[in-house]
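The values are calculated or read from the model by the stated rules, or taken from the named source; none is laboratory data. Because the structure is predicted, anything quoted here is derived from the model rather than measured. Reconstructed Cβ throughout: ideal geometry from the backbone, glycine too, with neighbour counts over all protein chains shown. Ligands, DNA and RNA are excluded from the accessible area calculation, which covers all protein heavy atoms including side chains. Shrake-Rupley method; radii C 1.70, N 1.55, O 1.52, S 1.80 Å.
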Amino acid sequence: MFESLSEKVQSTFRNISGRGRIDEDGVRSAMDDVRTALLEADVHQDVVKQFCDEVVIEAIGQEVTKSLKPGEEMIGLVHQKLIDLMSPPQGTSTDPIMLVEPAPTIVMLCGLQGSGKTTTCGKLAAYLKQRGRSVMLAAADLQRPAAVEQLKIVAEQVDTEGKGNVKVHFYAEPDKCSEYGKATGVAVGVCLRALGEARKAKVDVLILDTAGRLHIDNDLMKELEGINRALNPHQIYLIVDAMVGQDAVNSAKAFHQRLAVDGIILTKFDSDTRGGAALSVKSVTGAPIKFIGVGERFDALEEFHPQRMAGRILGMGDVVSLVEKAQAEVSEEDAEKLAEKMASGKLTMDDFVKQLKSIRRMGPMKQLLGMLPGVGSMLKNVQVDEKQLDQLEGMVNSMTKKERDDIKLLNKSRIKRIAKGSGTTPTDVNKLTKQFEMMQKMTKQMAGTGFGGKMKAMKEMSKGGGNLIPGMSNMPTLGGRGSTKTLGVKSKFKQRKKRK
Amino acid sequence: MGLFSTTVSAIRKGLARTREAVGSGFRSLLMGRALDDELISEIEQRLIAADVGVAATTSIIKNLRQAYKDKEIVRGEDTLEFLKQQLIGRWEETDRSLAVAQTKPTVILVAGINGSGKTTSVAKITKSLKEQGRTVLLAAADTYRAAATEQLEIWSNRLDVQIVKGEAGSDPAAVVFDACDAAIARHVDALVIDTAGRLHTQDNLMRQLTKIRDVVAKKIPGAPHEVLLVLDATAGQNAITQAKVFAKAINVTGIFLAKLDGTAKGGIVVAIQDVLGIPVKLIGVGETLDDVEAFDPTSFMQAMFEA
């Protein structure tokens with residue numbers, strides 16, 4: 001996501017930061033590159049033009065040209081402008097979903113075919129369920145074959161697997177389904193009856209999953225207007241595929257004109273899209289982006305924060321989101337316990353795997369690392385092999401309780417057994433124990449000592465423990481692996497011989 | 001001779017639909033105006049808006065500027081012709097019909113990202129195969145998404161063709177394995193495989209797709225005869241990245257460009273041709289099963305510029 005865009009913008013500004021001063025032409029030519037980068041990222045051209053013009057004017061006005069660090073000044077300016085571009089208008093609510101009294105709050109999802117409405121229904125339901133709000137999903141897509149069936153399965157899955165103890169209801173009238181174009185308008189009645197059921201069941205939120213439609217399909221757009229009039233939904237969300245092209249703006253505009261959309265949910269953000277849609281859709285409709293979908297799982301829905309997104313676009317990382325993710329997975333109590341164990345050097349294999357598991361629950365490793373400042377562009381060609389992490393868990397699971405508490409117990413035959421049990425080789429197990437011992441030592445030093453000790457621990461880390469996350473061995477310069485390779489006895493001997 | 005042979009009448013019939021779909025207002029922009037710098041920059045914007053892509057647009061505009069400087073083009077009308085030629089010239093004469101195996105079954109593997117329109121495209125292909133008197137077997141190899149199998153099953157009932165499916169959550173490669181066996185045993189002419197949508201950034205899912213392809217190749221020599229990548233025409237330049245990754249995983253032989261009936265201007269075909277060279281074989285221009293056409297660069301560009 002955004003990788004290529006941020007890379008281009010960064011390299012542009014790197015070029016000008018190298019220089020001492022920059023004149024007006026310099027600003028303009030730098031912004032020309034930014035313009036190309038934005039266009040290639042499918043940002044709508046009108047938006048691009050306005051954006052670049054404003055930056056140029058302000059850059060000259062703010063006397064970036066007189067600054068000694070024009071590159072930094074420009075990045076700061078572009079960063080602020082990006083935030084402005086994506087921020088909701090002053091005075092509007094920043095709550096992702098505004099809940100109304102009396103319940104139910106009615107939420108309607110609409111969008112083009114294949115934008116991800118049904119999946120997003122499930123994600124929203126999971127989001128609300130986790131926050132203690134009961135939900136009813138209503139199937140208003142009577143066009144696409146098996147759309148009703150799909151939503152039903154989604155509702156059941158979220159109901160049984162989602163966090164939280166409230167119920168996820170489902171409403172549908174499967175007999176009303178028909179071939180494309182033959183059931184137009186029927187959805188209005190279905191939605192009305194769903195609302196009745198939602199009131200009876202006393203759910204907090206009713207979510208309407210409408211059929212995908214083209215914004216130029218008048219009949220189907222009229223159907224949406226019909227639902228809008230009949231139910232008067234409190235929130236209407238437009239679902240937009242983050243990979244959408246220049247036409248994104250036209251369709252968003254059309255939906256907005258007919259329905260006065262309250263918010264936008266961008267889906268498929270976990271692709272490598274340059275995310276131009278995020279920038280343009282908000283700017284033409286004025287409706288704020290509420291959520292972004294970042295994966296196939298139901299919990300892969302993030303609240304949208306313009307500030308953080310601007311940071312990600314410019315490759316500044318997004319530490320705030322990362323910390324939030326961590327907080328959702330690790331309780332404070334656990335964290336304190338762990339810190340104690342670290343300080344006393346009593347970190348066990350169990351603790352290690354527990355940590356690893358909670359990190360992995362936060363999302364794919366690559367996505368997490370991408371949120372660290374400066375790491376995003378470095379990760380571009382790195383494949384994080386999640387399988388190796390599975391393997392690691394497998395090895396620990398093959399150890400006895402005693403072994404996990406004290407890995408010094410591991411002798412040749414135990415190692416052999418563990419390798420067999422986890423489908424790995426003794427070399428793999430040995431590697432793991434070595435790395436783990438290194439980490440034990442390191443964490444003890446980190447936790448227990450002052451500044452000097454920490455520095456020493458850092459050094460240790462770069463010597464060999466820096467590769468604690470397996471599967472990332474081809475990672476460039478994170479931890480300096482390979483720089484201080486220790487030679488084997490034989491090769492040392494050979495070298496000495498040569499010198500003579 | 002393959003499927004979807006582009007007969008003149010078919011093009012003409014289809015062109016109306018394509019014109020409706022991809023017309024981008026060039027004619028009204030250019031008619032009666034003299035070419036000047038302002039018009040050139042308007043053309044540039046129009047090309048970008050049509051998703052032609054920055055690289056292709058830049059090169060076309062550069063050529064146009066040169067021609068303008070050399071006084072080869074003066075009037076807007078001539079510009080229209082110039083642009084058309086610039087674009088049409090990018091395609092070589094080639095066979096864009098779907099491949100047919102010498103010994104049946106012909107296997108068509110269909111893949112793409114989530115929501116690109118795979119299942120609808122599979123139904124469209126199946127319908128036209130049937131209309132040509134061929135027997136078809138469908139394989140529901142999307143065992144991941146909720147009710148994906150049911151969706152394809154409804155199409156198989158409406159189209160009256162057989163279907164092979166698996167349990168939800170089962171290995172799609174196993175479904176494909178069974179489908180290959182069934183296709184051989186039942187002597188069908190064509191086996192069309194619908195796979196789960198996957199983002200090209202998901203390496204494990206891309207490997208799964210490679211495995212599916214390998215299973216097909218092992219079961220039926222020479223298969224899959226056609227590997228179609230379904231691209232959403234409303235997707236922007238990211239479609240190119242998608243195609244690159246899919247091509248690497250399953251050796252894509254053709255592209256099915258779906259949802260051209262949006263107001264997307266279809267310029268993405270230019271970028272596809274420039275960067276990938278994978279032939280666009282079919283275009284989807286509407287919701288009903290008959291809304292599918294063979295892609296022909298000349299008539300497509302005519303449609304794009306004449307409307």
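Below, the figures for the structure above:
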| read-out | value |
| --- | --- |
| Inter-label distance for A:K441 and B:Q45, nm, one decimal - labels placed 7 Å from Cα along Cα-to-Cβ | 6.6 nm |
| Spin-label model distance (nm) - A:N165 vs B:Q102, 7 Å beyond Cα toward Cβ | 7.0 nm |
| Extreme residue, positive dipole direction of region B:29-71, given options B:A67, B:M31, B:Q45 (C-beta unit charges) | B:A67 |
| Projected label distance in nm at A:S11 and A:K354, using a 7 Å step from Cα toward the beta-carbon | 4.6 nm |
| Where region A:80-171 is the region considered: accessible area per residue in Å², 1.4 Å probe | 40 Å² |
| Per-residue HN-Hα couplings for region B:233-238 [Karplus 6.51, -1.76, 1.60; θ = phi - 60°; Hz; x = Gly/Pro] | 5, 7, 5, x, 5, 4 |
| Rounded percent of accessible protein surface that carbon and sulfur make up, region A:105-313, 1.4 Å probe | 46 percent |
| Accessible area per residue in Å² at 1.4 Å probe, computed on region B:106-252 | 35 Å² |
| Cα-Cα over 29 Å, subset of B:K62/B:K118; A:K401/A:K434; A:K163/B:K165; A:K200/A:K282 | B:K62/B:K118; A:K163/B:K165; A:K200/A:K282 |
| Estimated translational D of region B:28-112 in µm²/s (Stokes, Kirkwood radius over Cα pairs; 10 °C; 1.306 mPa s) | 103 µm²/s |
| Evaluated over chain B, the Cα radius of gyration and Dmax, each in Å | 20.7, 67 |
| Buried solvent-accessible surface, both chains (B, A), 1.4 Å probe, Å² to nearest 100 | 3200 Å² |
| Share of carbon and sulfur in the accessible heavy-atom surface of region B:263-303 [1.4 Å probe, %] | 46 percent |
| Interface residues, region B:250-290 - accessible area loss of 30 Å² or more versus chain alone, probe 1.4 Å | B:K259, B:D261, B:T263, B:E287 |
| DSSP-defined antiparallel bridges as percent of all bridges, chain B, nearest 5 | 10 percent |
| Relative contact order %, region A:105-313, counting alpha carbon pairs below 8 Å whose residues are six or more apart | 26 percent |
| Per residue, in Å², the accessible surface of region A:209-312 once ligands and nucleic acids are set aside, probe 1.4 Å | 28 Å² |
| Accessible surface, 1.4 Å probe, highest first, among residues A:E336, A:E173, A:E437 | A:E336, A:E437, A:E173 |
| Helix-only [θ]222 nm of chain B, DSSP H runs n ≥ 4, -39500 (n - 2.57) each, per residue, nearest 500 | -15000 deg cm²/dmol |
| Cβ neighbours within 10 Å from other chains - mean over B:142-151 | 5 |
| Residues A:E156 and A:L409, FRET efficiency given R0 of 45 Å [Cβ-Cβ distance, rounded to 0.05] | 0.45 |
| Accessible surface ranking that places the most exposed of B:F177, A:F304 first, with a 1.4 angstrom probe | B:F177, A:F304 |
| Accessible surface of A:E386 - all protein chains present, 1.4 Å probe, nearest 10 Å² | 60 Å² |
| Under-5 Å amide H pairs with B:V292, H placed in peptide plane, nonlocal only | B:V285 |
| In Å², nearest 10: area of B:K165 left accessible to a 1.4 Å probe | 100 Å² |
| Whichever aspartates and glutamates have a C-alpha closer than 14 Å to that of A:K408, once near sequence neighbours (fewer than 8 apart) are set aside | A:E437 |
| Most to least accessible of A:R193, B:R207 (protein chains only, probe 1.4 Å) | B:R207, A:R193 |
| Förster radius 51 Å - calculated FRET efficiency between B:D36 and A:R229 (Cβ-Cβ, nearest 0.05) | 0.55 |
| Solvent-accessible surface (1.4 angstrom probe) belonging to B:Y144, in square angstrom, nearest 10 | 150 Å² |
